[in-house]
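Undergrad: One structure follows; several queries about it will come next.
Bear in mind that the values in this text are calculations on the coordinates, not laboratory data. It should be emphasised that the depicted structure is a prediction, and the values quoted were computed from it without experimental measurement. Neighbour counts are summed over all protein chains in view; Cβ atoms, including those assigned to glycine, are modelled from backbone coordinates with ideal geometry.
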2 protein chains.
Amino acid sequence: MTKTQQVRLARRPSGLPATDTWSVVSEELPAITAGEILVKVDLVSVDPAMRGWLNDVRSYRPPVGVGDVMRSLDIATVVESAHPGFSVGDNVSGVFGVTEYAISDGRGVSTVDLRVAPAAAWLGVLGIPGMTAYFGLLEVGKLRVGETVVISAAAGAVGSVAGQIAKAMGATVIGIASGAEKCRRLTEELSFDAAIDDHSEDVVRRLRELAPQGLDVYFDNVGGEILDAALANLRRGARIVICGVLDPDNESELVPGPSRYMALLFFRATMAGFVVSDYADRYGEAVAKIAQWRDEGKLEAREHVVEGGVARFGEALNIVLTGANNGKLVLAM
Amino acid sequence: MTKTQQVRLARRPSGLPATDTWSVVSEELPAITAGEILVKVDLVSVDPAMRGWLNDVRSYRPPVGVGDVMRSLDIATVVESAHPGFSVGDNVSGVFGVTEYAISDGRGVSTVDLRVAPAAAWLGVLGIPGMTAYFGLLEVGKLRVGETVVISAAAGAVGSVAGQIAKAMGATVIGIASGAEKCRRLTEELSFDAAIDDHSEDVVRRLRELAPQGLDVYFDNVGGEILDAALANLRRGARIVICGVLDPDNESELVPGPSRYMALLFFRATMAGFVVSDYADRYGEAVAKIAQWRDEGKLEAREHVVEGGVARFGEALNIVLTGANNGKLVLAM
């Protein structure tokens, strides 16, 4: 019997989650049986997409049920094993949830090599944000050397990796972020060619100045007016990658659609969505490539670590939902 | 010297063109010189896209200037030739404008074979509407046998051909049109599998009933709520072909964007625009294929012919801009 503290969904929030959204409960886990492992969670990945899982709506993934342990991707250590594929002491990645300990049958669990990169990086540049940036740019955006790429929410977990990958692939990269400090970081620390502060600058006009020939790829993490600003500045044959929408208030409400979508016709452009898990069987390829860029110093991985375990999960989630994080946010257990 | 009556743009309209939009003037054409032809226009193609050319805005084609002869694609007969590529009596297709006679240097002019199909069909199923339907479905929509296709403005010039081409290619085809008579024609005369009347039916619900597995290809000729209804009913991997938007009031104003565009992400779908002239070097391939389907009885070509020449151009254009045409509209000179 192992005691574990867990974060459960107490009630569905409307708008930003609040303290009554969550309950922290203590559970006793049973002994593992044949084919199972017991893991101790070390790091929890905290992501904007989590907000969508709290709504009772049809989406690419079922919602988290009221009363259920909050879903999360974690880095963990195997502490007991009755599974032939895992040994005690293995470092693993898996969807164990926001919990101190978990039992798993090993499905969807993979080992991670901490000699390649530290644990937090396996949730960032080598984790879902890195995979999202990589396959979004290459497969959906079909990025080619010499093209101009614009990335919104560029200081975020996905955006910051996407910009650096695009640079490593030989593109000119413009980031859009909120606030002077984030914009400074994009150009001075993350090798972006230029940054636009959407809090203080006219994005349409600045895009026209910075990319007078138009954009080849727009990697959209926010939707709304910024998506329209990109549509107004496409180059012929441009590709728009719909990665997500920043809508902490309520994802079940429809956001305004992009008014300038007819630009797709004028510019013979494409707008496509994707879900990164569709590329799961090719994660190895992306991990190898990103680890190489990281070793070559082409890709700075920054993680924003919140200490304090399950008690601080709600607070950590709201940091990403309000865009207050600087880099990939992880909760240390 | 040849006398010709021409329709010129007198002033830019706001909303639907009115009588003061146009002026009908009489001109004397000079004698042709080496490399030129004089043609007598037989039929003028009248299309919704013409409305967009009247706005002084940046688009895929420059606007028609105030005072200029109205641009149009015509079927004409060569009446004098000083061009090695054309003989007197040749039937040709070209952008001669809304005029009785025109002089051309032969650029963009091609001969049409009236033994393959009558002149009006060369502006319809074998003309731009046919080319738009063919390349939109095959190249942009990537339609495959057995898939489900939905077409809006399905009784129009492009939509009616697109539906029949999709049927000829082995798809299940649902048409959306306004009014019972148009819907009847789709299923009874044009071999559509089903029709939805967007004047009297709930399009979202009917699409769900008729295509419970979702749509593979949506061929959009209208935008707006119908585009959102399609987005709500996609199948995974769906392709949305943005062909046009029916907005006779004023194309310079932004229409509301598709609120449900995030469905592109959930369904891993693509929305792409195109301009048919990009495929001009492949029109021969499409003409051959469509003529074959037509000969096999798989493709009924209906043209809506307005008689009366230049004096009735304004009236003819407003017929298509208000969706009152039944089939491809041509003006007989």
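Undergrad: Output the number of the condition that A:A324 fails; it satisfies all remaining conditions of (1) within 23 Å of A:L43 (Cα to Cα); (2) small (G, A, S); (3) surrounded by 14 or more Cβ atoms within 10 Å (Cβ to Cβ).
TA: (3)
Undergrad: In addition: Do you know which of the residues in the stretch B:272-320 that are under 17 Å from the mean Cα position of the chain (by Cα) and farther than 29 Å from B:R107 by Cβ is farthest from the other protein chains (Cβ to nearest Cβ)?
TA: B:E300
Undergrad: Further question on the same structure: Can you name the residue in the stretch A:17-41 that is under 20 Å from A:E315 (Cβ atoms) and surrounded by 18 or more Cβ atoms within 10 Å (Cβ to Cβ) and is also nearest to the other protein chains (Cβ to nearest Cβ) among such residues?
TA: The selected residue is A:P17.
Undergrad: Just one of (1) under 25 Å from B:A324 (Cα atoms); (2) within 11 Å of another protein chain (Cβ to nearest Cβ) trips up B:A263, so point out which.
TA: (1)
Undergrad: Among the candidates A:A120, A:A166, which residue alone is free of Cβ contacts under 8 Å to residues at least 60 places away in the same chain, part of a helix (DSSP H, G or I), within 21 Å of the chain's Cα centre (by Cα) and within 24 Å of A:G284 (Cβ to Cβ)?
TA: Criteria check complete, one pass: A:A166.
Undergrad: Now for a separate question. Residue check, A:Q5 against (1) touching a helix residue (DSSP H, G or I) at 6+ places or on another chain (Cβ under 6 Å); (2) without any contact (Cβ under 8 Å) to a residue 60 or more places away in the chain, all met but one. Which one?
TA: The number of the failed condition is (2).
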